[in-house]
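Visitor: Quick one: the structure is below, and I'll ask about it shortly.
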Amino acid sequence: MWLIHSFSVDVIDPIALYPLNATYTSKDSTGNQPDGITSNVQFAVGPDGNSQGSHQFFGVVSSYVELPNNGGLDIMHSMTLVMWVYSEGTDGPLFNYRPSGNWATQFWVNGGQFFTRFVKRNYEFVDPLISSVITTKRWYYVGTSYDYNTGLARLWVDGVEVHQLNVGIYTLATVGNVRIGVKSDDNRYFRGRVSKVQVYNVALTLEQVQAVKYRG
């Protein structure tokens, strides 16, 4: 189903939308995917000022949200991920396929920067996309996409494309559950807040990314 948003931009429905607020907790508000599993997180102020509009992660190994992937999040081809992120200064996963083991498709705060890598199905690495160093304790609206038809990967921060790269045409490593906050065999644990995580099985344009900014 295609929806009409402001600015007359058509945007397909996401395959998953995790508001990570008090209304939906860790559930997918579209009803497409199983409920997320929380560990040592709590509600915090969201990007819209809602006092329970995000999930707070504490930067320890026990603080994460795990999103079950029974095939619904196994996108394989084109994909877009958008979310709101409030970092409190530690590196860690924001959307990481496979809670442990081989590195798969991933979106992180790494080196104080937003970092995404669209890993190949056989777990072969390609070059990552990286932002400039981000400011702590402020909200960012961030997005990343991979277009299977062109091989182009993109990274956006607050409505600006900060990195574009042709990584080639291949199927993505998007099997396994997704973790936000922790990869259990890595000692970097995200401390901060995350809200309104949207997952699409198409490569959205910048205009479409902006049109869904407040969805969820």
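The values are calculated or read from the model by the stated rules, or taken from the named source; none is laboratory data. Keep in mind that this is a model prediction, so the values were computed, not measured. All Cβ positions, glycine included, derive from the backbone under ideal geometry; neighbour counts span all protein chains shown. SASA here: full protein model, heavy atoms, side chains in, ligands and nucleic acids out. Shrake-Rupley method; radii C 1.70, N 1.55, O 1.52, S 1.80 Å.
Visitor: For Ile180, indicate whether it is open to solvent by 50 Å² or more (accessible area, probe 1.4 Å) and of a type outside the set (Gly, Ala, Ser). Walk me through how you get there before you give the answer.
Guide: Numbers: open to solvent by 50 Å² or more (accessible area, probe 1.4 Å): no; of a type outside the set (Gly, Ala, Ser): yes.
Criteria not met by Ile180.
Visitor: Mind listing whichever residues of the range 90-105 are open to solvent by less than 10 Å² (accessible area, probe 1.4 Å) and part of a strand (DSSP E or B)?
Guide: Taking the range 90-105 first, the residues open to solvent by less than 10 Å² (accessible area, probe 1.4 Å) are 92-97, 104-105.
Across the range 90-105, the qualifying residues are Gly92, Pro93, Leu94, Phe95, Asn96, Tyr97.
Visitor: Mind listing just one residue for me: the one in the range 165-209 that is closer than 21 Å to Tyr123 by Cα, outside any loop (DSSP other than H, G, I, E, B) and without any contact (Cβ under 8 Å) to a residue 60 or more places away in the chain and, of those, farthest from the chain's Cα centre (by Cα)?
Guide: The selected residue is Asn166.
Visitor: So which residues in the range 80-92 are farther than 24 Å from Thr205 by Cα and not polar (S, T, N, Q)?
Guide: Across the range 80-92, the qualifying residues are Glu88, Gly89, Asp91, Gly92.
Visitor: If I ask for residues that are among the hydroxyl-bearing types (Ser, Thr, Tyr), crowded, with 20+ Cβ neighbours inside 10 Å and closer than 17 Å to Tyr64 by Cβ, which ones from the range 183-213 would you list?
Guide: We begin by selecting, within the range 183-213, every residue among the hydroxyl-bearing types (Ser, Thr, Tyr); these are 184, 189, 195, 200, 205.
So of that shortlist, the ones also crowded, with 20+ Cβ neighbours inside 10 Å come out as 189, 195, 200.
Within the range 183-213, Tyr189, Ser195 qualify.
Visitor: Say whether the condition of being in a strand (DSSP E or B), modelled with pLDDT of 95 or more, open to solvent by 10 Å² or more (accessible area, probe 1.4 Å) and within 15 Å of Tyr200 (Cα to Cα) is met by at least one residue in the range 109-117.
Guide: Pass one, the range 109-117, residues in a strand (DSSP E or B): 109-110, 113-117.
Now restrict to residues that are modelled with pLDDT of 95 or more: 109-110, 113-117.
Applying the additional criterion that residues be open to solvent by 10 Å² or more (accessible area, probe 1.4 Å) yields 110, 113, 115, 117.
Now restrict to residues that are within 15 Å of Tyr200 (Cα to Cα): none.
No: zero hits.
Visitor: Spot the failing condition for Tyr141; the list is (1) crowded, with 23+ Cβ neighbours inside 10 Å; (2) not in a loop (DSSP other than H, G, I, E, B), and only one is missed.
Guide: Condition (1) is where Tyr141 drops out.
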